Amino acid sequence: MPVRAEHDRAVLAALLGRDPVLHAYQLGDLDDFFWPYTSWFRRDEEVALLYHGADPPTLLAFAPPSRVSRLAALLRELAPVLPVRLWAHLSPGLEPALTGAFRMDEAGPHHRMALTDPQRLAALAPAGTVLDAGDLPALRRLYDVAYPGNWFDPRMLDTGQYVGVRDGGELVAVAGVHVFSPAYRVAALGNVTTHPRLRGQGLAGAVVTALCRRLREQVAHVTLNVKADNAAALRLYGRLGFTRVADYGEYALSAHPR
């Protein structure tokens, strides 16, 4: 079966739902909130997603080790029609499928983590209030100071899944989501940060705890991505009940002259 565009959400949900943690971001992107920004490609039972809601677009291609070779075949056929500049999140072993068509600048290995021991959340004190669109200016100020260059789509505030702590009226800690889909029962944490002057006081753990408690009321799988060398974040998420369930790499791709 050659690569073809796939437009049937039910088919995609069935294929991706075989491993909802590995494919949490892709399942979330089936939701109406993200669907208009997606292009899906399928070869037999393997699926790749090109997400257009960011600049540059982002290619997501994940597979367990037993299926990497089949997903690599999809990527080799897909490479000639991909944008000349894009970002890619790839399971280990998929890189060679794209090196013939693209220069690949590595942004480092990452871990996919999942909330596997939610009982740990019960032992921690949550903090924060739910943010909305009116909090956008304060949130941007916090990200400018504490998390410059992060990927944040203001539309995500519409999910009602951003929790923040204030100090003297100033937003000083936040935990949010990159993906939230009650329909597909998945969420992915993102845009978590604390103001530099208040780090080390437990605020990140408190807002993540509050957010995870909210999310677990509506989804079955709470996941996140973290850089493999971010020791502080790994300790925090481990303390909150997250475990490492998969690895992947992030790459900036630019096409070789065609």
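The phi-based Karplus calculation (6.51 cos²θ - 1.76 cosθ + 1.60; θ = phi - 60°) puts the 3J(HN,Hα) values of segment 45-59 at 9, 9, 9, 10, 10, 10, 9, 9, x, 9, 10, x, x, 10, 9 Hz, whole numbers, x for Gly and Pro.
Note on the chain: with a GNM built from Cα contacts shorter than 10 Å, the maximum mean-square fluctuation among G169, G17, G53 falls on G169.
Taking the chain as a Gaussian network of alpha-carbon nodes connected by springs under 10 Å, the highest mean-square fluctuation of the residues A13, A101, A133 belongs to A133. Under the simplified labelling scheme, the H256-A183 pair shows an inter-label distance of 4.0 nm, with each label point 7 Å from Cα along Cα→Cβ.
When a footprinting reagent is the concern and you count Cβ atoms within 10 Å, what order do L203, L94 take, fewest first?
Working: L203 22, L94 25.
Starting with the residue having the fewest Cβ neighbours, the order is L203, L94.
Couplings for segment 101-109, taken from phi via the Karplus curve 6.51 cos²θ - 1.76 cosθ + 1.60 with θ = phi - 60°, read 9, 9, 7, 10, 9, 6, 9, x, x Hz in order; Gly and Pro are left as x. Sequence-ordered 3J(HN,Hα) estimates for segment 184-189 from the Karplus curve with 6.51, -1.76 and 1.60 and θ = phi - 60° stand at 9, 6, 9, 8, 10, 5 Hz, glycine and proline given as x. Loop-located GluC sites (Glu not before Pro) in segment 163-258 (DSSP state other than H, G, I, E, B) with a sparse environment of at most 10 neighbouring Cβ atoms within 10 Å: E217.
Relative contact order of the chain: 26 percent, from C-alpha pairs under 8 Å at least 6 residues apart in sequence. In this calculation the C-beta distance from V11 to A133 is compared with R0 = 41 Å, giving a FRET efficiency of 0.75. Backbone N atoms of segment 193-219 closer than 14 Å to the 7 Å Cα→Cβ label point of R239 belong to residues 194, 199-210.
Taken over the chain, the alpha-carbon convex hull comes to 123 cubic angstrom per residue. Taking packing as the residue-averaged number of other Cβ atoms within 10 angstrom, the listed peptides 23-29, 136-142, 207-213 run from highest to lowest as 23-29, 207-213, 136-142. Given R0 = 30 Å, the distance between the Cβ atoms of W35 and Q201 translates into a calculated FRET efficiency of 0.15.
Read-outs: derived from the displayed coordinates by stated rules, not from any lab. Computed from a predicted structure; not experimentally measured. Note that each Cβ is placed from the backbone with ideal geometry, even for glycine, and that neighbours are counted across all protein chains shown.
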